[in-house]
Amino acid sequence: MLRRFTLVLVTVLTALTGMGARTAFAKMTPEEVLALMTLEDKVNLVVGTLRDYVYWPEPAPGMPVRSQGPVEDSRGATAFTSGDVEGAAGETYAIERLGIPSIVLADGPAGVRIDATRADDEMTYYCTAFPNATLLAATWDTDMVNNVGAAVGSEAQSYGVDILLAPGINIIRNPLGGRNFEYYSEDPFLAGKMGASFIRGVQSNGVGATVKHFVANNQETTRNGIDVVVSQRALRDIYLEPFRIAVTEGKPMAVMTAYNKVNGTVMPENRFLLTEILRDEWGFDGFVMTDWWAEGSGDKQIAAGNDMLMPGTWRQYDEIMKAIEVGSLDIEKLDQSVLNILRAIKNTPTGAGRRHDNKPDLESHATLARQVATQGMVLLKNNDKTLPLENRQKVALFGNGSYDTFIGGTGSSKVNNKYKVNIAEGLESAGKILDPSLSQFYTKHISDYKADKPADDMWNTAVTPEAAISQEEIIRAANNNDVAIITIARMAGESADRTLTEGDWFLSDAERQNLVNITSAFHELGKPVVVLLNMGSIVDMTDWNDLPDAILHIWLPGQEAGHAVADVLSGKVNPSGRLPFTIARRYQDYGSANEFPHSENPATVYYTDDIFVGYRHFYHNKIAPLYKFGHGLSYTVFHISIIRDRDETDPDMIVVDVTNTGDRNGAFTFLSFEDNELRDNPTKQVYAPYELIGFGKTKVLSPGETQRLRVKIR
Ligand code: BGC
């Protein structure tokens, strides 16, 4: 034993002096590296590098007072600038002596977020803006989501990013959640499966993925420290479940803790959830990081199993040092966190010594962004085969969103992409003729409004108020065109929830008035009206759902928005997306309506809806939604025959034949639900009547074609 130890040490020392520290690091095991680290090294590694930005919050009594304000850090990086990848969210501390490199972490769920330009550098560093996560879920296509993850991961790798801060897989609990667009679904199974697919895609490039925000981060109001009071059953079955699936099936390199508390304990200090469930029960073997500037103290976070504190403050450094010194934090706990991080670093591109070329394949990723956007759009309504628009060439295009399309939300998920294709441009390039007077009006209306507004940035996107169009103009447009298309658009983003107000949840006066006047004028002439919903979540629809002939939810479709919309409207692509959440008739019909965003004082939110989230609530309480979870129409018709239901020989598989009995090509998405009424239930436990347990999607089937789908059940 002693001999072996001596041998290792000799090897290590030779390595450090002879081969250069970096090579030595690559050759050593994490345990060997740990053995050479001082206490300062260890604490440096668990605390991110932006600590000079500000000593935040105020130093506790008895703690040293360090520098304040945004100054350069020890390696010359200014605040919010990660090493040589500018605009990345954070980085880890390099320990040159031991060859431990700094690794770079960057957002996010709709594409890599880094700065597109750099001072004194002629090169550009644009990334592809993919559609938002809810659209990805609406494809119900895990292979497609895997491909998107792979493309995002490869851009990250090309630009020198080691760990992507995505996917976000929190449950969409309420339609007003500010970050709903970054998340997949109201259903844990769907969210978990999508998360796992995205993770696998990202990590196929050697870049790590981070599943976030663990856990019960379902609102933005008072997100720092709001206490989520939730039953153990709802926590397990609804809120933890997507993480369990993503962690066990996707095996992400990292998990990011949420800002909120769960049942009284702030998440980064929540030992029960971080250690007992995440690690001990699910076997997570990556590392856990905090969300940026999360509340809590460094030592308690390490003790709970939150390995890395991001983006790092001196306060956390001092707290850990002090706790080790006075013995309130065991060195073994700190060592464990260091090992978790070292293991991950060694597996990142930088840790493995791979070079990056700053040459991502933006062209093929744009093609993928367009393709996936078409697959996730959901046709909610299509009376009298209004869509596709085939022979209707002349389009009266209304709504600001038609000319200034929202392609993503604000906050950390915002991508610095090179261009975006607005709906108007997409339709024109597909050969549609847009009413010139409307185009001119909207272009001017939008640019006038934006003239004195600051340019869009990470936190802000100018949202032009909708203009009421005069009756004369509408009648003129109806006379001159074959169809009206109206885009209703909503922006949302990190740090604020949406509101139950006109212009947000409800239509604004101008939007409502336009919709009424346009439908009446066009219908008078026997011409149809199509509404496009350009948003990450949903608005109240009951008020106006009956007016238009067709409604297509296009979400926040990424930089290729206009092309993708044109592909679906023209019939080049037949929609096969389905809703990953329920659309209620009234806001009050949602199970969380009375407990969202939270009870004001104290800052607590009671999840009284318990396990009855989304469709579970609607079925359980027998409330008819406007559009149910899984709803989505097609331009063709399918016939489904169950070839084999679950049986004793294969309880985990359903086999169905899907036949396209219509007259157009199209893909079909099959969903399978557990009928809990049939469940063996001796304890009389109350279950949601139905639960999603499987789904599958066919290829594009031509008329008459049949495909046998084998759908795996959870
Ligand atoms: C967000 C995270 C993000 C982090 C780094 C936080 O504000 O909540 O989702 O990954 O910033 O940008």
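Return yes when residue 664 is touching a residue at least 60 places away in the same chain (Cβ under 8 Å), of a type in the set (Lys, Arg) and not in a loop (DSSP other than H, G, I, E, B) and no when it is not.
Values: touching a residue at least 60 places away in the same chain (Cβ under 8 Å): yes; of a type in the set (Lys, Arg): yes; not in a loop (DSSP other than H, G, I, E, B): no.
Considered against the rule, which asks whether it is touching a residue at least 60 places away in the same chain (Cβ under 8 Å), of a type in the set (Lys, Arg) and not in a loop (DSSP other than H, G, I, E, B), residue 664 comes out as no.
Go through segment 93-116 and give me each residue that's over 18 Å from residue 256 (Cβ atoms), acidic (Asp, Glu) and in a loop (DSSP other than H, G, I, E, B).
Matches in segment 93-116: 115 only.
Let me confirm something: among 474, 469, which residue is part of a loop (DSSP other than H, G, I, E, B), touching a strand residue (DSSP E or B) at 6+ places or on another chain (Cβ under 9 Å) and at pLDDT 95 or above? If you could, list the steps in order and put the result at the bottom.
Working: 474 fails: part of a loop (DSSP other than H, G, I, E, B).
Testing whether each residue is part of a loop (DSSP other than H, G, I, E, B), touching a strand residue (DSSP E or B) at 6+ places or on another chain (Cβ under 9 Å) and at pLDDT 95 or above leaves just 469.
Is segment 193-215 home to any residue that is of a type in the set (D, E, K, R), within 16 Å of the ligand (Cβ to nearest atom) and over 13 Å from the mean Cα position of the chain (by Cα)? Talk me through it step by step, then tell me what you get.
As a first pass, look at segment 193-215 and keep what is of a type in the set (D, E, K, R): 193, 200, 212.
From what's left, within 16 Å of the ligand (Cβ to nearest atom): 212.
Add one more test, that the residue is over 13 Å from the mean Cα position of the chain (by Cα), and what stays is none.
Checking segment 193-215: not a single residue is of a type in the set (D, E, K, R), within 16 Å of the ligand (Cβ to nearest atom) and over 13 Å from the mean Cα position of the chain (by Cα).
Under the condition of being under 30 Å from residue 470 (Cβ atoms) and among the hydrophobic types (A, V, I, L, M, F, W, C), which residue from segment 412-430 is surrounded by the fewest Cβ atoms within 10 Å (Cβ to Cβ)? Can you show your working first?
To start, the set of residues in segment 412-430 that are under 30 Å from residue 470 (Cβ atoms) comprises 420-430.
Of the ones still in play, those that are also among the hydrophobic types (A, V, I, L, M, F, W, C) are 421, 423-424, 427, 430.
Working: 421: 23, 423: 29, 424: 26, 427: 23, 430: 16.
Across segment 412-430, the extreme among qualifying residues is 430.
Say we look at segment 291-301 and pick out the residues that are part of a helix (DSSP H, G or I) and more than 13 Å from residue 257 (Cα to Cα); which of these is nearest to the ligand (Cβ to nearest atom)?
My answer is 298.
Given the conditions (1) without any contact (Cβ under 8 Å) to a residue 24 or more places away in the chain; (2) of a type in the set (Val, Ile, Thr); (3) surrounded by 14 or more Cβ atoms within 10 Å (Cβ to Cβ), report the number of the one that residue 683 does not fulfil.
Failing condition for residue 683: (3).
If a residue has to be within 15 Å of the ligand (Cβ to nearest atom) and under 22 Å from residue 192 (Cα atoms) to count, how many in segment 258-286 make the cut? Explain how you work it out, then say what you get.
Of segment 258-286, the ones within 15 Å of the ligand (Cβ to nearest atom) are 258-260, 266-268.
When the remaining residues are screened for being under 22 Å from residue 192 (Cα atoms), the result is 258-260, 267-268.
Residues in segment 258-286 being within 15 Å of the ligand (Cβ to nearest atom) and under 22 Å from residue 192 (Cα atoms): 5 in total.
Sort through 152, 161 and tell me the only one that's β-branched (Val, Ile, Thr) and either more than 16 Å from the ligand (Cβ to nearest atom) or within 17 Å of residue 250 (Cβ to Cβ) (or both).
Numbers: 161 fails: either more than 16 Å from the ligand (Cβ to nearest atom) or within 17 Å of residue 250 (Cβ to Cβ) (or both).
After ruling out the rest, the residue left standing is 152.
Per-residue answers, yes or no, for (1) crowded, with 24+ Cβ neighbours inside 10 Å; (2) within 16 Å of the ligand (Cβ to nearest atom):
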| position | (1), (2) |
| --- | --- |
| 362 | no, no |
| 365 | yes, no |
| 372 | yes, no |
| 382 | no, no |
| 390 | no, no |
| 393 | no, no |
| 410 | no, yes |
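Considering (1) more than 16 Å from the ligand (Cβ to nearest atom); (2) touching a strand residue (DSSP E or B) at 6+ places or on another chain (Cβ under 9 Å); (3) under 23 Å from residue 418 (Cα atoms); (4) touching a residue at least 40 places away in the same chain (Cβ under 8 Å), say which one residue 456 fails and leave the rest.
Against the list (1) more than 16 Å from the ligand (Cβ to nearest atom); (2) touching a strand residue (DSSP E or B) at 6+ places or on another chain (Cβ under 9 Å); (3) under 23 Å from residue 418 (Cα atoms); (4) touching a residue at least 40 places away in the same chain (Cβ under 8 Å), residue 456 comes up short only on (4).
Looking at segment 556-608 only, could you name the residues that are surrounded by fewer than 18 Cβ atoms within 10 Å (Cβ to Cβ), within 21 Å of residue 237 (Cα to Cα) and of a type in the set (Gly, Ala, Ser)?
593
Could you list, in sequence order, the residues of segment 275-293 that are buried (at least 24 other Cβ atoms within 10 Å of the Cβ) and within 23 Å of residue 89 (Cα to Cα)? I'd like the intermediate steps shown before the answer.
Going through segment 275-293, the residues buried (at least 24 other Cβ atoms within 10 Å of the Cβ) turn out to be 278, 284, 286-290.
Across segment 275-293, the qualifying residues are 286, 287, 288, 289, 290.
Could you check how many residues of segment 227-257 are away from the ligand (no atom under 16 Å from the Cβ) and either over 16 Å from residue 179 (Cα atoms) or not in a helix (DSSP H, G or I) (or both)? Outline the logic, then answer.
First, pick out the residues of segment 227-257 that are away from the ligand (no atom under 16 Å from the Cβ): 227, 229-241, 244-245, 247-251.
Those left that are additionally either over 16 Å from residue 179 (Cα atoms) or not in a helix (DSSP H, G or I) (or both): 227, 229-238, 240-241, 244-245, 247-251.
Within segment 227-257, residues that are away from the ligand (no atom under 16 Å from the Cβ) and either over 16 Å from residue 179 (Cα atoms) or not in a helix (DSSP H, G or I) (or both) number 20.
What are the residues in segment 102-149 that are basic (Lys, Arg) and either more than 16 Å from the ligand (Cβ to nearest atom) or surrounded by fewer than 20 Cβ atoms within 10 Å (Cβ to Cβ) (or both), if any? Steps first, answer last, please.
As a first pass, look at segment 102-149 and keep what is basic (Lys, Arg): 113, 118.
Within segment 102-149, just 118 meets the criteria.
Looking only at segment 302-313, count every residue that is free of Cβ contacts under 8 Å to residues at least 40 places away in the same chain and either within 16 Å of the ligand (Cβ to nearest atom) or surrounded by fewer than 24 Cβ atoms within 10 Å (Cβ to Cβ) (or both) and tell me the total. Before the answer, list the steps.
Step one: filter segment 302-313 for residues free of Cβ contacts under 8 Å to residues at least 40 places away in the same chain, giving 303-305.
Adding the requirement that they be either within 16 Å of the ligand (Cβ to nearest atom) or surrounded by fewer than 24 Cβ atoms within 10 Å (Cβ to Cβ) (or both) leaves 303-304.
Here the count works out to 2.
Which residues, counting only those in segment 273-290, are in a helix (DSSP H, G or I) and aliphatic (A, V, I, L, M)?
Matches in segment 273-290: 273, 274, 277, 278.
I need the full set of residues from segment 667-678 which are of a type in the set (S, T, N, Q) and in a strand (DSSP E or B), in order please. If you could, list the steps in order and put the result at the bottom.
So in segment 667-678, the residues of a type in the set (S, T, N, Q) come out as 669, 672, 676.
Passing the criteria: 669, 672.
Please enumerate the residues belonging to segment 204-258 that are among the polar types (S, T, N, Q) and buried (at least 23 other Cβ atoms within 10 Å of the Cβ). Please lay out each step first, then the result.
Restricting attention to segment 204-258, the residues satisfying the condition of being among the polar types (S, T, N, Q) are 204-205, 210, 217-219, 221-222, 224, 231-232, 248, 257.
210, 217, 218, 219, 257, listed by residue number.
Residue-by-condition table, conditions (1) within 16 Å of the ligand (Cβ to nearest atom); (2) modelled with pLDDT of 95 or more; (3) farther than 25 Å from residue 174 by Cβ:
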site	(1), (2), (3)
493	yes, yes, no
499	no, yes, no
508	no, yes, no
516	no, yes, yes
521	no, yes, yes
525	no, yes, yes
542	no, no, no
554	no, yes, no
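Please specify each residue of segment 491-527 satisfying the condition of being in a loop (DSSP other than H, G, I, E, B), surrounded by fewer than 22 Cβ atoms within 10 Å (Cβ to Cβ), in contact (Cβ under 8 Å) with a residue 24 or more places away in the chain and not charged (D, E, K, R).
Scanning segment 491-527 gives 491, 495, 499, 500, 503, 505, 507, 508, 525.
For residue 398, state whether it is crowded, with 18+ Cβ neighbours inside 10 Å and away from the ligand (no atom under 16 Å from the Cβ). Reasoning before the result, please.
Values: crowded, with 18+ Cβ neighbours inside 10 Å: yes; away from the ligand (no atom under 16 Å from the Cβ): yes.
So residue 398 fits the description; yes.
I'm trying to understand the selection: among the residues of segment 619-658, which are charged (D, E, K, R), assigned to a loop (DSSP other than H, G, I, E, B) and touching a residue at least 12 places away in the same chain (Cβ under 8 Å)?
Pass one, segment 619-658, residues charged (D, E, K, R): 622, 628, 644-648, 650, 652, 657.
From what's left, assigned to a loop (DSSP other than H, G, I, E, B): 622, 628, 645-648, 650, 652.
Matches in segment 619-658: 628, 646, 652.
Restricting attention to segment 258-272, which residues are free of Cβ contacts under 8 Å to residues at least 40 places away in the same chain, outside any helix (DSSP H, G or I) and not basic (Lys, Arg)?
263, 264, 265, 270
The values are calculated or read from the model by the stated rules, or taken from the named source; none is laboratory data. From a predicted model like this one, the values you see are computed outputs, not experimental measurements. As a convention, Cβ positions derive from the backbone with ideal geometry for all residues, glycine included, and neighbour counts pool all protein chains shown.
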